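Participant: Sharing a structure with you now.
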Amino acid sequence: MTDMSAGRERHVQASGAVPLISMRNIHKKFGSLHALRGASIDVHAGEVVALVGDNGAGKSTMVKVMAGVHMATSGDYEFEGKPVRITSPTDANALGIQTVYQDLALCSNLDAVQNLFLGRELTGSSLFGRRIQRAECEVKAREVLKRMRLGNLSLTRPVGAMSGGQRQNIAIARSILWTPKVVILDEPTAALSHSAAEQVGDLIRTLADQGLGIVVVSHDIHNFVVNATDRIEVMRLGANAASFRTGDVTGEQVVNAMVGGNEGVNLAG
Amino acid sequence: MAEAITSAPPLVRRRSIGDLLARDLRALPIVIGLIALWIFFAVQSDVFLTARNLSNLLVQSTVVGIMALGIMFVLLVKEIDLSVAAINGVTSVFMAKLIVEAGVTPWVAVPIAIALGAFIGSLSARWVTYVGVPSFVVTLGLGLALNGLQLILLPATARYSLNGTGLEQIALINIDGIWAWVVLAIGILSFAGLVFSEAASRTRAGLETPMMRAVVLPIAAATLFGAIVVAILSAHKGIPLIVLIFGILLGLGGYILKQTQFGLYLYAVGNNDEAARRSGIKVHRIKMAAFAIAGGVAALAGVIAASRTLGVGVFSGGGVGGGTLLLESIAAAVIGGVSLFGGRGSIHASLLGALVIGTVSNGLNLMGVENEIRLIVTGLLLVLAVSIDKLIEKATGQQSF
């Protein structure tokens, strides 16, 4: 198995630049379970990296270490070239790493603006508690949604009345609101129709074009991963199994690498 | 998903205390139901629509309405407090003991009772959030324990009379004549101030504000509604102080729910507490505040009940087990549109629900129907109200939020 990400990475925006995130030789043990066995990943500004693998391959553990949910047992974590120690999601947020979880964590009875700002409302003081400055929140929400080309999303409908794709977009918009540098998306298309998944793909591209590094964990190899990403990191048994430039491979080849099938398809060879 | 994207111009969301019934489709069935009940009883009894009777109806609905308003905060965060009636009873008996036996002035005893109620509520919240026992169980047990405490606090005569202590004045004072209209004017001015400040902040931020829909209509409707109520009340004895207290609580509660961060967090926690927690909201604190509000408000309702009945006794707080007071308080909130599953309900629910229950009781009474029938009708109305809500949900495909 050859790792091609080191020498042969030909990604245009990324070439030569210091990666936003560089994780090297990460190990993670949960008791006797050795979930990560020396996995590595780079995330550059302006690129969309897919992290794929079979169930139990370690991709979820890898992004959780990246997002500060878990701490690595050993290994190096550098952010913008400097070694960092991330012990909680708050640390990761402070560096500019935001995560959109699969369950989206939205409140279906609240509208888009309320969800975008939940826990971080712009408020002023009043006689009976902190009063929400709705107008200011709305202006900022509009600005962010416009930047994401989601200008026509209703700001006042309860999120529960929206489609799965729109909810996904709001969850992504919430992570963008505080201008992060890296956004991690956990299975963003799992519950979506084909067309909705395409729209999420477009949105992710828009964000990458604005200079963000995007990490996507996905099982949707054939439609989403091979069409909407720049680079595919395949994990198997807690380590890197292969690395592809998206344009160079078919879904079949990626799946083969995931399950450890025909090694010959690894184009790095 | 294209069909789900609205291309309509962004609507202005009016988030103000007097959320007009006409705008809130969810409240419409209950308003229609209330009007139907009124027409029915007006046909059955000549007395029903007199100013005197409507005045009484409002006064009779106040204690349940205030209780419903308090318990609504707990229902919003997806919990329940079955001890509110017991809190109502035990705090009012404790207050009476302070006044009668220790000679404490009502000016001090009443705030002590309210603070005690809030403290008891916050205790059950602690138990619920830290130990993890469901609120249903904690407050059921606590309610029984408080019932016992209430009996212990009572003297051998099983009753404290509060006549002549000054406390009975709460139920006796009416604001009449020009002062009734002054009170209304103050209320409308506060409401208008809120609406205008919101419109102004939108304009400042460069957002469009539909003057008619967001400013003129709400203020006009609030003025009309308030004027009708005050005119009816003035035709009898004026605005009863306890009705004014209920009105102030409604305004304050509406402001907190619709305008403040705390209010928003109540809805967020009730809908998805995990999402709220991940957003950095201190879920246990929000729940504790909700229970404390329910407890404090229940104690206030107890004070008002004590004032109306000129004393406290075994019957205070609905008697042992909470009796009809507990059931009617929860029923009023639910009839008014508060979800038992958290995250949904507006402040007018407590008013509408209490009015429905009060109307049934008052109307059947005028018709000379027995109390048994009243319980049956109230019970069926509760099921009917929630059923209609469910049917609307199915018909429109709109989930209840």
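Participant: Which of the following residues is within 14 Å of chain B (Cβ to nearest Cβ), surrounded by fewer than 21 Cβ atoms within 10 Å (Cβ to Cβ) and either in contact with a His (Cβ under 9 Å, 6 or more places away or on another chain) or farther than 19 Å from A:D54 by Cα (or both): A:G247, A:G201, A:G165, A:G160?
Facilitator: Values: A:G247 fails: within 14 Å of chain B (Cβ to nearest Cβ); A:G201 fails: surrounded by fewer than 21 Cβ atoms within 10 Å (Cβ to Cβ); A:G165 fails: surrounded by fewer than 21 Cβ atoms within 10 Å (Cβ to Cβ).
Of A:G247, A:G201, A:G165, A:G160, the one residue that is within 14 Å of chain B (Cβ to nearest Cβ), surrounded by fewer than 21 Cβ atoms within 10 Å (Cβ to Cβ) and either in contact with a His (Cβ under 9 Å, 6 or more places away or on another chain) or farther than 19 Å from A:D54 by Cα (or both) is A:G160.
Participant: If you take the residues of the stretch A:45-66 that are aliphatic (A, V, I, L, M) and part of a loop (DSSP other than H, G, I, E, B), which of them is nearest to A:V225 (Cα to Cα)? Outline the logic, then answer.
Facilitator: First, pick out the residues of the stretch A:45-66 that are aliphatic (A, V, I, L, M): A:45, A:48-52, A:57, A:62-63, A:65-66.
Applying the additional criterion that residues be part of a loop (DSSP other than H, G, I, E, B) yields A:45, A:57.
Values: A:A45: 18, A:A57: 17 Å.
Among them, the one singled out is A:A57.
Participant: Considering only the stretch A:182-198, state which residues are outside any helix (DSSP H, G or I) and buried (at least 17 other Cβ atoms within 10 Å of the Cβ). Even if it seems obvious, please write down each step before you answer.
Facilitator: At the first step, the residues of the stretch A:182-198 found to be outside any helix (DSSP H, G or I) are A:182-193.
Across the stretch A:182-198, the qualifying residues are A:V182, A:V183, A:I184, A:L185, A:D186, A:E187, A:P188, A:T189, A:L192.
Participant: Report the residue count in the stretch A:24-65 for those that are of a type in the set (A, V, I, L, M) and touching a Leu at 6+ places or on another chain (Cβ under 9 Å). Break it down into steps so the answer makes sense when it comes.
Facilitator: If we filter the stretch A:24-65 for residues that are of a type in the set (A, V, I, L, M), which is where we start, we get A:26, A:33, A:35-36, A:39, A:41, A:43, A:45, A:48-52, A:57, A:62-63, A:65.
With the extra rule that they be touching a Leu at 6+ places or on another chain (Cβ under 9 Å), the set shrinks to A:26, A:41, A:43, A:45, A:48, A:57, A:62-63, A:65.
Summing the residues that are of a type in the set (A, V, I, L, M) and touching a Leu at 6+ places or on another chain (Cβ under 9 Å) in the stretch A:24-65 gives 9.
Participant: Go through (1) within 20 Å of A:T189 (Cα to Cα); (2) assigned to a strand (DSSP E or B); (3) away from chain B (no Cβ under 12 Å) one by one and return the number of the condition A:D42 breaks.
Facilitator: Result: A:D42 passes all but (1).
Participant: From the list B:V230, B:V243, pick out the single residue that is in contact with a Phe, Trp or Tyr (Cβ under 7 Å, 6 or more places away or on another chain) and within 18 Å of B:A171 (Cα to Cα).
Facilitator: On the way: B:V243 fails: in contact with a Phe, Trp or Tyr (Cβ under 7 Å, 6 or more places away or on another chain).
Being in contact with a Phe, Trp or Tyr (Cβ under 7 Å, 6 or more places away or on another chain) and within 18 Å of B:A171 (Cα to Cα) holds for just one of B:V230, B:V243, which is B:V230.
Participant: Could you tell me whether A:R142 is farther than 27 Å from B:A289 by Cβ, among the charged types (D, E, K, R), without any contact (Cβ under 8 Å) to a residue 40 or more places away in the chain and not assigned by TED's automatic domain parsing to the domain that holds A:A45? Working first, answer last.
Facilitator: Numbers: farther than 27 Å from B:A289 by Cβ: yes; among the charged types (D, E, K, R): yes; without any contact (Cβ under 8 Å) to a residue 40 or more places away in the chain: yes; not assigned by TED's automatic domain parsing to the domain that holds A:A45: yes.
Judged against the criteria, A:R142 is a match.
Participant: Now for a separate question. Restricting attention to the stretch A:206-224, and to residues there that are closer than 18 Å to A:V52 by Cα and under 14 Å from the mean Cα position of the chain (by Cα), which single residue is surrounded by the fewest Cβ atoms within 10 Å (Cβ to Cβ)? Walk me through how you get there before you give the answer.
Facilitator: Step one: of the stretch A:206-224, the residues closer than 18 Å to A:V52 by Cα are A:213-224.
This time we only want the ones that are under 14 Å from the mean Cα position of the chain (by Cα), so: A:213-219, A:224.
On the way: A:G213: 26, A:I214: 24, A:V215: 27, A:V216: 27, A:V217: 22, A:S218: 22, A:H219: 15, A:F224: 25.
Restricting to residues being closer than 18 Å to A:V52 by Cα and under 14 Å from the mean Cα position of the chain (by Cα), the top hit is A:H219.
Participant: Looking only at the stretch B:264-291, count every residue that is without any contact (Cβ under 8 Å) to a residue 12 or more places away in the chain and more than 8 Å from chain A (Cβ to nearest Cβ) and tell me the total.
Facilitator: Total satisfying the criteria: 3.
Participant: Next up: If a residue has to be in contact (Cβ under 8 Å) with a residue 40 or more places away in the chain and among the polar types (S, T, N, Q) to count, how many in the stretch A:210-241 make the cut?
Facilitator: 4
Residue-by-condition table, conditions (1) surrounded by fewer than 24 Cβ atoms within 10 Å (Cβ to Cβ); (2) aromatic (F, W, Y); (3) under 23 Å from B:Y267 (Cα atoms); (4) at pLDDT below 95:
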position	(1), (2), (3), (4)
B:L69	no, no, yes, no
B:M72	no, no, yes, no
B:F94	yes, yes, no, no
B:W107	yes, yes, no, no
B:F119	yes, yes, yes, no
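Participant: Identify the single condition in (1) modelled with pLDDT of 95 or more; (2) not in a helix (DSSP H, G or I) that B:G103 does not satisfy, given that it satisfies every other one.
Facilitator: So B:G103 meets the others, but not (1).
For every residue, the table says whether it meets (1) surrounded by 21 or more Cβ atoms within 10 Å (Cβ to Cβ); (2) farther than 29 Å from B:R126 by Cβ.
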position	(1), (2)
B:L233	yes, yes
B:I245	no, no
B:V269	yes, no
B:H284	no, no
B:K287	yes, no
B:I304	yes, no
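Participant: So, in the stretch B:188-224, how many residues would count as being assigned to a helix (DSSP H, G or I) and either in contact (Cβ under 8 Å) with a residue 24 or more places away in the chain or in contact with a strand residue (DSSP E or B) (Cβ under 6 Å, 6 or more places away or on another chain) (or both)?
Facilitator: Final tally of qualifying residues: 16.
Participant: What residue, among those in the stretch A:138-156 that are of a type outside the set (A, V, I, L, M) and surrounded by 18 or more Cβ atoms within 10 Å (Cβ to Cβ), is nearest to the other protein chains (Cβ to nearest Cβ)? Before you say what the answer is, go through the steps one by one.
Facilitator: Let us first name the residues in the stretch A:138-156 that are of a type outside the set (A, V, I, L, M), namely A:138, A:140, A:142-143, A:146-147, A:149, A:151-152, A:154, A:156.
Filter once more, keeping what is surrounded by 18 or more Cβ atoms within 10 Å (Cβ to Cβ): A:138, A:142, A:154.
Working: A:E138: 6, A:R142: 8, A:S154: 4 Å.
Here the answer is A:S154.
Participant: At least 2 residues that are within 17 Å of the chain's Cα centre (by Cα) in each: list the strands (runs of 3 or more DSSP E) lying fully within the stretch A:80-181 that qualify. So that I can check it myself, show each step before the final result.
Facilitator: On the way: elements: A:97-100, A:123-126, A:129-132.
Those strands (runs of 3 or more DSSP E) span A:97-100.
Participant: Hey, can you tell me all the residues within the stretch B:304-361 that are part of a helix (DSSP H, G or I) and touching an Asp or Glu at 6+ places or on another chain (Cβ under 7 Å)? So that I can check it myself, show each step before the final result.
Facilitator: Filtering the stretch B:304-361 for residues part of a helix (DSSP H, G or I) gives B:304-308, B:316-318, B:323-335, B:348-361.
Answer for the stretch B:304-361, where residues must be part of a helix (DSSP H, G or I) and touching an Asp or Glu at 6+ places or on another chain (Cβ under 7 Å): B:S307, B:H348, B:I357.
Participant: Only one of A:R120, A:R130 is surrounded by fewer than 21 Cβ atoms within 10 Å (Cβ to Cβ), facing chain B (nearest Cβ under 7 Å), of a type outside the set (A, V, I, L, M, F, W, C) and touching a Gly at 6+ places or on another chain (Cβ under 9 Å); which? Give the derivation first.
Facilitator: Numbers: A:R120 fails: facing chain B (nearest Cβ under 7 Å).
That would be A:R130, the only listed residue that is surrounded by fewer than 21 Cβ atoms within 10 Å (Cβ to Cβ), facing chain B (nearest Cβ under 7 Å), of a type outside the set (A, V, I, L, M, F, W, C) and touching a Gly at 6+ places or on another chain (Cβ under 9 Å).
The values are calculated or read from the model by the stated rules, or taken from the named source; none is laboratory data. Keep in mind that what you see is a predicted model, and the values were worked out from it rather than measured. No Cβ is skipped: glycine too gets one built from the backbone with ideal geometry, and neighbour counts run over all protein chains shown.
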